[in-house]
1. Relative to the longest principal axis of the chain, what angle (0 to 90°, nearest 10) does the C-alpha long axis of helix 95-105 take?
2. Lys and Arg at +1, Asp and Glu at -1: add these up for the other residues within a Cβ distance under 13 Å of residue 130 and post the number.
3. Any idea of the accessible area per residue across region 114-193, 1.4 Å probe, to the nearest Å²?
4. Run the reach check for residue 133 against aspartates and glutamates, Cα to Cα strictly under 12 Å, same-chain hits fewer than 8 apart removed. What comes back?
5. Given 25 °C and 0.890 mPa s, how large is the Stokes-Einstein diffusion coefficient of region 101-193 in µm²/s, with Rh as the Kirkwood radius over Cα pairs?
6. For residue 186, list the aspartates and glutamates whose Cα falls under 19 Å from its own Cα; do not include residues on the same chain fewer than 8 positions away.
7. Net charge near residue 165, counting Lys/Arg +1 and Asp/Glu -1 over other residues with Cβ under 15 Å of its Cβ?
8. Can you check what the net charge comes to around residue 120, using other residues whose Cβ is under 13 Å from the Cβ of residue 120 (Lys, Arg +1; Asp, Glu -1)?
Amino acid sequence: MTKTAPGLACSTRGAHLVEECLLLRRQKRQLAYANRDSSGQIYEGICSPCRLEYDAAANCYYLIIWQSDEARAIKMRVARLESVQCLDAPIPEGTEASFQQFLASRRQSVTLRIERQNNAVERSFMMFASYDKEASYDEDTDTYTMQLYYYDFDRREILQQILSLGAAATVLAPAEMREAIIERLKAAWQNLQ
């Protein structure tokens with residue numbers, strides 16, 4: 001019986017890819033990859049693996065790599081990786097520092113008020129489990145305030161998750177995020193007309 005990692009829909013290919021990613025990270029070696037995006041386009045490259053994250057809400061793994069020639073991080077869904085090949089080349093000196101600097105320059109936050117309806121509190125903690133956050137409970141209003149920290153490349157995902165909470169979630173700050181939520185709701189309403 002083959003043991004598979006959570007989030008890979010019992011795929012032995014997916015479990016193999018997770019194991020390969022973990023091995024590369026431990027050995028501090030670069031990898032060659034082929035990744036299929038959500039539109040079906042395949043991207044290939046050589047990179048340094050930086051993180052392997054499990055998203056409990058989406059039940060999937062993400063590989064975060066450092067693309068040194070573009071000086072940026074890329075977050076790829078492991079299930080969409082077509083191939084991963086371990087290379088002999090070591091991860092270049094200074095990669096982790098470059099990666100950390102990249103992340104620090106892209107860290108953002110959003111503050112939400114979450115009402116206790118439709119399991120929104122439980123759902124929000126589950127959806128945002130992989131993000132840094134601070135939360136407090138207001139006894140007078142029976143609501144939670146959550147400050148959620150994320151990176152700009154996760155913004156679309158954060159917007160979708162906030163929208164999924166419906167009327168139980170209110171964006172308190174920043175105003176730009178509140179406006180983005182309003183625009184998405186307006187667009188959805190227009191599509192219904």
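1. For helix 95-105, the angle is close to 20 degrees.
2. Numbers: positive: 51, 75, 133; negative: 53, 55, 132, 154, 157.
Here the charged neighbours net out to -2.
3. Numbers: 4960 Å² over 80 residues.
For region 114-193, the per-residue accessible area is 62 Å².
4. Counting by Cα, and skipping residues close in sequence, residue 133 has no aspartates and glutamates nearby.
5. Values: Rh = 13.9 Å.
Here the translational diffusion coefficient equals 177 µm²/s.
6. Cα-Cα hits under 19 Å: 157, 176.
7. Numbers: positive: 113, 116, 123, 133, 178, 184; negative: 115, 122, 157.
So the environment of residue 165 carries a net charge of +3.
8. Numbers: positive: 113, 116, 123; negative: 115, 122, 142.
Within the 13 Å Cβ shell, the charges total 0.
The values are calculated or read from the model by the stated rules, or taken from the named source; none is laboratory data. Fair warning: this is a prediction, and the values are worked out from it, not measured in the lab. Here Cβ is always computed from backbone atoms with ideal geometry, including for glycine, and neighbour counts include all displayed protein chains. With ligands, DNA and RNA removed, areas are computed over all heavy atoms of the protein, side chains included. Shrake-Rupley method; radii C 1.70, N 1.55, O 1.52, S 1.80 Å.
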